[in-house]
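Here's the structure we're looking at; comments come further down.
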Amino acid sequence: MIDENAMKEFRAGLRGSIIQPGEKDYEESRKVYNAMISRKPKMIVKCADVADVISAVNFARENKMLLSIRGGGHNAGGLGVCDDGLVIDLSMIRYTKVDLHNKTIIVGGGNTWGEVDHAAHAFGMATPSGIISTTGVGGLTLGGGMGYLTRKYGLSIDNLLSVDMVLADGNFVTANATENKDLFWAVRGGGGNFGVVTAFTFQLHEVDEVVGGPMLYELSETEEVLKWYRKFIKYAPDDLYGFFAFLTVPPGDPFPEHLHLKKMCGIVWNYTGPKEKAEEVFKPVRDFKKPALDLVGPLPFPALQSMFDPLYPKGMQWYWRADFVNEIPDEAIEKHKEFAEKLPSMLSTMHLYPINGQAARINDSDTPWNYRDATWSMVIVGVDPDPANAEKITKWTKDYYDALHPYSAGGAYVNFMMDEGEDRVKATYGKNYDRLVQIKNKYDPKNLFCINQNIKPSLETQNEAEAEAEGPVLA
Ligand SMILES: Cc1cc2nc3c(=O)[nH]c(=O)nc-3n(C[C@H](O)[C@H](O)[C@H](O)COP(=O)(O)OP(=O)(O)OC[C@H]3O[C@@H](n4cnc5c(N)ncnc54)[C@H](O)[C@@H]3O)c2cc1C
């Protein structure tokens, strides 16, 4: 039970607001991107500023409440919300500030990538992020962050220069290469385990108009395309990025009618080098095989970043499985083909995101991201608007994953995982896991920040005995 006076005081001290069950905006505010997730928090605290975040962290800790942090709300497993606890909703903390002199951008803890792309593009610049612009900067960055600029400029964490954070004890700190270095190491891949990030500073790069878009091939050509692609992308210039996908062609523009609703394979390209060289760079791609549809052309970078947004609005059923992949042997291609032929809905897909190039030049121990030597991050997603199809898309995803997992590198990108248990989190961080635990012990020994791909503090067992005298433990 929460003391009524404490609650009154908490509410009165906020610039933002508290939304509780039964109130007008509660149902809408508890929803996340993945409609398979339906959690009912005790309160959603819409924080307006850092002071509100400090109050909310202190209130949750003092009242022994479960706490979750919501950035863009896109997480596969819905880790931005929790049942019966307090949600720190950062959606009001959204701002961007470009520093032209240093080529950096400061971004609020609750921004989405579309806002960052918009702000930076005005100056002909961008920073690495993901491929859907409605995704939150917070979750994507803290888990790693990969997308169209990964081969050229690395992961989002490789371009993160500084964070402002509220820690479990309510203290506000800055972490970067010179201040709180251990914390800065941990947040570059360790997720929301260490505190609430209220501001991110990223390095910007000159990326203005790019040459990109999809090239689609017949599904019957999968074997030929994948065998070519697996070799090509390993040695392609860093300026060229291309992720492989299985898809069903949407029934509308810009796709020609004869391809509508056809299952196909394809590669979505992004070339960021000098425009006059684009034709030369794409020549081996076009020489390899004429695609059934070639939509690659010049476009502003934010247009590529948001190209798939309309296909994937908030509120659909999503079931995710993922792995890191080093090689794609012939037998794996056979299995890929088998499951592509059985794509269970128009929006279900499998993507192989390359994480080589610049992302692979960073040492495994420089950040918690432990798979710098993997070539791809693979994701299999069953997606459909109709909840009645939830079982069908889930089964396809699980079966597909089970068939391909034996060919994987072991762990998976934390941001593509649903609830897969502690061993999977350990496999993902590998040799960096113990260092993460040490830093968790220092900054969050009682695991206040536990709604995430959780790194359990080893001091927690010790704390449990201590906390028994005080009241219930947090996680
Ligand atoms: C359609 C779609 C496409 C995607 N494409 C890509 C892609 O191309 N590349 C890629 O790398 N990933 C991609 N992702 C995965 C994405 O990175 C994760 O879903 C990520 O968790 C989303 O972040 P969020 O802030 O929107 O999530 P939320 O659900 O709000 O939060 C997710 C987790 O991050 C933590 N968190 C969020 N913000 C903060 C903060 N400010 N401080 C502390 N902790 C915080 C939360 O505690 C929670 O544990 C995609 C996801 C979707 C749904």
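I'm trying to understand the selection: among the residues of segment 87-123, which are hydrophobic (A, V, I, L, M, F, W, C) and either outside any strand (DSSP E or B) or modelled with pLDDT under 95 (or both)? Within segment 87-123, LEU90, MET92, ILE93, LEU100, TRP113, VAL116, ALA119, ALA120, ALA122, PHE123 qualify.
Of the strands (runs of 3 or more DSSP E) lying entirely inside segment 125-206, not one is found with 3 or more residues being surrounded by fewer than 24 Cβ atoms within 10 Å (Cβ to Cβ) and touching a helix residue (DSSP H, G or I) at 6+ places or on another chain (Cβ under 6 Å). Looking only at segment 207-220, residues that are assigned to a helix (DSSP H, G or I) and open to solvent by less than 40 Å² (accessible area, probe 1.4 Å) come to 1 in all. A count restricted to segment 302-342 and to residues that are among the hydrophobic types (A, V, I, L, M, F, W, C) and either over 23 Å from GLU420 (Cβ atoms) or open to solvent by 50 Å² or more (accessible area, probe 1.4 Å) (or both) stands at 7. Of all residues in segment 400-453, exactly one satisfies the criterion of being within 19 Å of the chain's Cα centre (by Cα), of a type in the set (Ser, Thr, Tyr) and part of a loop (DSSP other than H, G, I, E, B), namely TYR413.
State whether the residues of segment 454-473 include one that is at pLDDT below 95, β-branched (Val, Ile, Thr) and assigned to a loop (DSSP other than H, G, I, E, B). Yes, that holds for at least one residue.
Within segment 221-238, being surrounded by fewer than 19 Cβ atoms within 10 Å (Cβ to Cβ) and not in a helix (DSSP H, G or I) holds for PRO237, ASP238.
Just one of the listed residues (ALA199, ALA168) is touching a Lys or Arg at 6+ places or on another chain (Cβ under 9 Å), within 13 Å of the ligand (Cβ to nearest atom), more than 25 Å from PHE324 (Cβ to Cβ) and not polar (S, T, N, Q), and it is ALA168. A count restricted to segment 12-27 and to residues that are under 20 Å from VAL81 (Cα atoms) and assigned to a helix (DSSP H, G or I) stands at 2. Remark: pairs (first residue in segment 12-41, more than 27 Å from ASP309 (Cβ to Cβ) and among the β-branched types (Val, Ile, Thr); second residue open to solvent by 30 Å² or more (accessible area, probe 1.4 Å) and in a helix (DSSP H, G or I); Cβ separation under 9 Å; 6+ apart in sequence or on different chains) = ILE18/ARG11.
Just one of the numbered conditions (1) surrounded by fewer than 19 Cβ atoms within 10 Å (Cβ to Cβ); (2) touching a residue at least 12 places away in the same chain (Cβ under 8 Å); (3) farther than 30 Å from TYR407 by Cβ is not true of ALA278: (1).
Kindly indicate whether GLY430 is at pLDDT 90 or above, within 16 Å of the ligand (Cβ to nearest atom) and among the small types (Gly, Ala, Ser).
Details: at pLDDT 90 or above: yes; within 16 Å of the ligand (Cβ to nearest atom): no; among the small types (Gly, Ala, Ser): yes.
Against the criterion (at pLDDT 90 or above, within 16 Å of the ligand (Cβ to nearest atom) and among the small types (Gly, Ala, Ser)), GLY430 does not qualify.
The set of residues from segment 204-251 being closer than 17 Å to LYS337 by Cβ and among the small types (Gly, Ala, Ser) comprises SER220, ALA245. Among the residues making up segment 56-106, none is open to solvent by less than 10 Å² (accessible area, probe 1.4 Å), more than 9 Å from the ligand (Cβ to nearest atom) and at positive phi.
Note on segment 138-155: residues that are more than 7 Å from the ligand (Cβ to nearest atom) and not charged (D, E, K, R) amount to 7. Note on segment 107-122: among residues that are in contact (Cβ under 8 Å) with a residue 40 or more places away in the chain and surrounded by fewer than 21 Cβ atoms within 10 Å (Cβ to Cβ), the one that is nearest to the ligand (Cβ to nearest atom) is GLY114.
Among the residues of segment 287-298, none is identified as open to solvent by 40 Å² or more (accessible area, probe 1.4 Å), under 31 Å from the mean Cα position of the chain (by Cα) and within 16 Å of ALA236 (Cβ to Cβ). Residues of segment 38-46 include at least one that is open to solvent by 30 Å² or more (accessible area, probe 1.4 Å) and assigned to a strand (DSSP E or B).
The values are calculated or read from the model by the stated rules, or taken from the named source; none is laboratory data. Computed from a prediction, not measured in an experiment: that's the story for all the values here. So basically every Cβ, Gly included, is an ideal-geometry build from the backbone, and we count neighbours across all protein chains shown. Note: accessible area is taken over every heavy atom of the protein model, side chains too, but ligands, DNA and RNA are not part of it. Shrake-Rupley method; radii C 1.70, N 1.55, O 1.52, S 1.80 Å.
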